[in-house]
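Read the structure below first, then the notes.
The values are calculated or read from the model by the stated rules, or taken from the named source; none is laboratory data. All values derive from a computational prediction rather than experimental measurement. Here the Cβ positions follow ideal geometry from the backbone for every residue, glycine too, while neighbour counts run over all protein chains shown. These area figures cover heavy atoms from the full protein model, side chains too; ligands, DNA and RNA do not enter into them. Shrake-Rupley method; radii C 1.70, N 1.55, O 1.52, S 1.80 Å.
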Amino acid sequence: MPKVLNNVKAVSEALDVAMDKWKEVVVFGEDAGYEGGVFRATEGLQAKYGEERCFDAPISEAMFAGVGIGMAINGMKPVVELQFEGLGWASLQNILGHMGRFRNRTRGKYPSPLVIRMPMGGGIRALESHSEAMEAMYAHTPGIKVVCPSTPYDTKGLILAAIESPDPVIVFEPTKLYRAFKQEVPDGFYTVPIGEAFKIQEGNDLTVVTYGAQTVDCQKAIEELESKNPDITIELIDLRSIKPWDKKMVCESVKKTGRLLVVHEAVRSFSVSAEIIATVNEECFDYLKAPLSRCTGYDIVIPFDSGETYHQPNPIKILAKMEEVLNYKF
């Protein structure tokens, strides 16, 4: 029977299913054991599986990222929780310098099946370093896969796919969506393929590509636009997987609509949107009816508390950008 879950409970469900399926799975991080994590994503796992498989780590991101890598290359399936993405700076030497390199470094002898979960993004009025969206930096690193689910179904399926993967995967979990809504989720084990986007709705006039918390904002903006312009239809794609990303679905959509808007809350320069726009420009140039566009965060340190609402894309900003692209005339 399916369960009705929000995103944070979908995380818990995925970890529970994985720990039951694979004895090699261990879960740890700051407060991830007894307390169940700052967002209670690991709540109940220590009581069910014991302190050896779900435990608290010291306040040292560099240390437990490194420990996770060591476990992975020695046959375990560790799932490491960084309390917030912005607290992961201390772990970068291990993540960028080692995690994705062991398969190549050992010529395939020692893969690194490690999963690192990171709550990410704004929307909860957290302090500095608690609202970062730095997915592009990790996606730029060879050997690492990066996913960012937006629904409970995808959250559970992508986490299980990440744990099943023989290579390291970083799972970004938008904090704004942890308890935003609920969805029916299949019971038991299933996976969402890493690298496959999801087409939320079909359209003919504009392709909107997004992921994470902005999927909800884009849906609201599209609903407003289409209600005012019934002859216009928007194709909305949720990437789900940032690296690898679904180039085929995006390019096929742009070849149909001739227009593209990419939306994310991360800063604009050298971002996921930059990669998507460059690829579409290379592969779909002859089909374009308007310049490729994006609606993103600004190139600033993310403001904390209420200031983050000015930094993030919202339905009003997205609507304005869609109208700009649709009204462009060569």
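For the pairs K199/K243; K109/K145; K9/K247; K255/K329, note any where the Cα-Cα span goes beyond 24 Å.
Working: K199/K243 17 Å; K109/K145 19 Å; K9/K247 30 Å; K255/K329 18 Å.
From K199/K243; K109/K145; K9/K247; K255/K329, over 24 Å: K9/K247.
State whether segment 198-327 is rounded, prolate or oblate according to the following rule on the C-alpha gyration tensor (a ≥ b ≥ c being the square roots of its eigenvalues): a/c under 1.5 gives rounded; otherwise a/b larger than b/c gives prolate, and the remaining case gives oblate.
Values: a/c = 1.72, a/b = 1.23, b/c = 1.40.
Oblate, since a/c reaches 1.5 and b/c is not below a/b.
Given a 1.4 Å probe and the protein chains all in place, what does the accessible area of V267 round to, in Å² to the nearest 10?
50
What aspartates and glutamates could a cross-link reach from K248, if we take a straight Cα to Cα line under 19 Å and drop same-chain neighbours fewer than 8 places away?
Partners within reach: E196, E202, D205, E235, D238, E275, E282, E283, D286.
Mind checking the dipole of segment 198-327: about its Cα centre, +1 per Lys or Arg Cβ, -1 per Asp or Glu Cβ, Debye to the nearest 20?
Details: 15 positive and 21 negative charges, 49 e Å.
Value, rounded to 20: 240 debye.
Ordering T207, T309 by how much accessible area each has at a 1.4 Å probe, largest first, what is the list?
Values: T207 0, T309 75 Å².
Descending order: T309, T207.
Per the helix-only calculation at 222 nm, which mean residue ellipticity applies to the chain, given -39500 (n - 2.57) for every DSSP H run of n ≥ 4 and division by its residues, nearest 500 deg cm²/dmol?
Working: 11 runs with 110 residues, N = 330.
Value at 222 nm, helices only: -10000 deg cm²/dmol.
Computing the accessible area with a 1.4 Å probe over protein heavy atoms, can you report the carbon and sulfur percentage for segment 198-327?
Ligands and nucleic acids excluded, carbon and sulfur give 53 percent.
Return the carbon/sulfur percentage of the accessible area of segment 3-185, one whole number, probe 1.4 Å, all protein chains in place. It would help to have the intermediate numbers written out before the result.
Working: 3800 of 7220 Å².
Here it works out to 53 percent.
What accessible area per residue comes out for the chain, rounded to a whole number of Å², with a 1.4 Å probe?
Numbers: 14270 Å² over 330 residues.
On a per-residue basis, 43 Å².
How large is the charge dipole for the chain, taken about the Cα centre, if only the Cβ atoms of Lys, Arg (+1) and Asp, Glu (-1) carry charge, to the nearest 20 debye? Mind dumping the intermediate values first?
On the way: 36 positive and 45 negative charges, 155 e Å.
With only Lys, Arg, Asp and Glu charged at Cβ, the dipole is about 740 debye.
Rank H264, Y178, M19 by how far each Cα sits towards the positive end of the charge dipole of the chain (+1 on Lys, Arg Cβ; -1 on Asp, Glu Cβ) and give me just the farthest.
Positive-end residue among those listed: M19.
If DNA, RNA and ligands are ignored and the probe is 1.4 Å, what is the ranking of E184, E196, E61 by accessible area, most exposed first?
On the way: E184 120, E196 90, E61 25 Å².
Final ranking, largest accessible area leading: E184, E196, E61.
Go through D167, D238 and list them by solvent-accessible area, largest first, probe radius 1.4 Å. If you can, show how the numbers build up before the last one.
On the way: D167 35, D238 0 Å².
Highest to lowest solvent-accessible surface, that is D167, D238.
Report I300's accessible area, 1.4 Å probe, all protein chains in place, as a number in Å² to the nearest 10.
Its heavy atoms expose roughly 80 Å² to the probe.
Enter the accessible area of S227 (Å², nearest 10), with the probe set to 1.4 Å and all protein chains included.
80
Near A126, within a Cβ-to-Cβ distance under 12 Å, what is the net charge of the other residues, with Lys and Arg +1 and Asp and Glu -1? Spell out each step's value before the answer.
Working: positive: R125, K176; negative: E85, E128, E132, D305, E308.
That works out to -3.
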